[in-house]
Structure formats: structure tokens, C-alpha cells
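These notes are about the structure you will find just below.
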Amino acid sequence: MGPPARRALLLLLLGALGALGVRAAVAQARARPHSLRYLLMGATEPDLGLPVFQAVGFVDEQLFVFYDHESRRAEPRAPWVRAAGPLWLQLSQSLKGWDHMFTLDFWTIMDNRNHSSGPHTLQVALGCEVGADNSTRGFWTYGYDGEDHLEFRPETLSWRAAEPGAWATKMEWEVNAVRARQNRAYLERLCPEQLGRLLELGAGVLDRRVPPSVRVTCHVASAATILRCQALSFYPPNITVRWLRDRQPLDAQHAEPGDLLPNGDGTYQAWAALAVPPGEEQGYACQVQHPGLEQPLTATWEPSVSGALVFGIISGTLMCVVLIFLAGVLFRFLRRRRASRGTLGSYVLADLE
């Protein structure tokens, strides 16, 4: 085998190993639940601060696409999605179709509620979730004026009315069997396929694991001490934060439910608060579980030097400085006085002679 053949074989092997590595990364990513979600929103009047129609798409919790009615264009919001090729064209066409559908559905819901004018809003959430066992679940829900309105049930090709005002629209849409079958086909087949392709494109980004840093702070209130546990800068967003007392888990009812918030850089933060009797802070600990941690991380409040002690140290230091200064002044005064007395004595003795 000559050198050109050996180089060709080496490149072939490297390519095969690279493909295996990508497939392994994708397989590892799919070993946990994933989701593809679209949020559609719009308002009848721009004074509400909402556009006529906008849509955003998320893979898991990562924003990857934005669509606006004015431009009628889908814009990538993640670097890895720019290589989507034909998939991007498919996603763009879906968003344009939902733009048109959204307007028609908005009019239908308003007419069925006898809302011919006035400010109103419509929100739609649709997409799919794929579990670690490859099971799929689709969802397609409508919210009107900030309240739950309708929910599509793909298994029965029907809609569930969340409130009495949605019944007329429910009956009207259930007559259209073609639309119901199209919705089910998207949720059960097309959406999971798109999610799988997006996971391949985002391998190395969507499947990364960034462990949280954890700290516990203490805030003194009037009747109790508030311990606050913060988990910072982690990804993925699924995390468990709980409190322990003497190493035993506390019931959730004793702790204030915390929030999960995005940081803006692709990571998240979470917190949980607990009220404890003053003086018993050391008996409590915060435990955090996250996919980026090999084992749960436990943190406790570490009391710093108290304010009274700090004030005492500062006051003592200042007092020492003042005493040293005064001692120096007194020492110089005594030296001058002794020197002056010695001079006076010599003059008197000289006079007597």
C-alpha cells in the first residue's frame, strides 16, 4: 500500500471515528427528555405592547428561532441552527403557515365570544416532548386574554374547552376533521422528527452540562431568620433544591417555593428560602441535585464576623492608634522639658561662679 492509499485510509478512519463520536454524543443527549416548543402571541391593538403576531421557538430551554409578522421571516437565534439547510426551510414554512392560521383563529374566537372590538390577546403553545424512553407527547393549547381557553387532544381529535366561552369554538373546530388530523400528524410525527434533527445540529451545546455553584445567605427579619439558598450559572435547567435539617429532608411546605430564572448567557439560576428560629441557622443545610454534579452538593450558611465584633475591633484599633499618638506627644514634651531644665541649671551655676 503506497503513501496516497495510506493517507486515504487514515482520512476514512478519522471520518468514521468522527461520525461515531457525533452519534455517541447525540445518543447521550437523547438519553434524557427533550422538547421542541413554539410560543405564538399577538394582540388586536398595539397599545398592549404586543405585535400583531410573533413566534419564538425553543429546543429544550434554548431559543433558536424568532418570527415576526411584519418581516414574515424566520430568524435564527442560535449559531448551530444556521446549518439546518432544508430543515430551516421547513421550519420557516411552518411559521408562515401559523402566522396565517393565528389571524383566522383569533377572529373565530373573538366572533364566538361576541368581541367585535376592544383590546384582546391570543397565545398559542404547541410542540412535543420526547422522553428518555423515546415516548412522545404532543401539546397544542390556546390562551385568550391571559386565561386558558382551548386544548387539543390528538388521541381523540377533539378540543377541550377550559371555560364556557370556548364551547362555540370547540364545536366549530371539531367539525373540521382535516385540520384535526393535520394537527395530530404534526405533533406525533413531524415535530419529533424535527426535534431529533435539531438535537443533532446542536450536539455539544444542547447536551452540555454546567454544574451550579451554590451559596447560602442569611437575612435577619423581625421574628425569624431567612436562609436563602442560591444555585447559580447551571445548565440544563432541570435542578432540585431542597432544605435539610440535621441531615434530614424538610417537607416542601416548610420552605418558600423558589424561582428558576434565565441568566441571558444560556445558563440558569434558582433559589429557595427557609425561615428558621434565630440562633438555629447552623442546623440547616441546602442540598442541590443537578445532572452536572456527580453527587448532590450540600451547602450551609457560614457566619461572618458580626457587625458588633467588627465595630469593636475597629474601635480598639483606633483607640490604640490614639494612645500611641498621645504617648508620643507626651514623650516629646517630657524630653523637651528635661532639656530645658538642664539648660536652666547650667546657667544658674555659671552665674554663681
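Of VAL59, VAL220, the sequence from fewest to most neighbouring Cβ atoms within 10 angstrom is VAL220, VAL59. For the range 79-191, the normalised intensity computed at q = 0.11, 0.16, 0.22 Å⁻¹ comes to -0.42, -0.83, -1.32 (log10 of I(q)/I(0), Debye sum over alpha carbons, equal scatterers, no solvent). Our estimate of slack between ARG77 and LEU190, defined as 0.36 nm per intervening residue step minus the Cα-Cα distance, is 38.5 nm.
Please give the length that would be gained between MET171 and ARG215 if that part of the chain were fully extended, namely 0.36 nm times their separation in residues minus their C-alpha to C-alpha distance (nm, one decimal). Working shown, then result.
Details: separation 44, 0.36 × 44 = 15.84 nm, distance 5.33 nm.
So the chain would gain 10.5 nm between MET171 and ARG215.
Report the charge-dipole magnitude of the range 45-204 in Debye, nearest 20, computed about the Cα centre from +1 at each Lys and Arg Cβ and -1 at each Asp and Glu Cβ. Before the final figure, lay out the partial values.
Values: 15 positive and 23 negative charges, 122 e Å.
Its charge dipole is roughly 580 debye.
Hey, got a sec? Which GluC sites (Glu not before Pro) in the range 135-176 land in a DSSP loop and have at most 11 other Cβ atoms within 10 Å?
Values: sites: GLU147, GLU151, GLU155, GLU172, GLU174; in loops: GLU155.
Passing sites in the range 135-176 are GLU155.
Report the GluC sites (Glu not before Pro) located in the range 203-299 that are in a DSSP loop and have at most 16 other Cβ atoms inside 10 Å of their Cβ, or state none.
Working: sites: GLU280, GLU281, GLU294; in loops: GLU280, GLU294.
Qualifying residues, ordered by number: GLU280, GLU294.
We did not get these values from a lab; they are worked out from the coordinates using the rules stated. Predicted model only: the values in this text are computed from it and were never measured. Cβ coordinates were reconstructed from backbone atoms using ideal geometry, including for glycine residues, and neighbour counts include every protein chain displayed.
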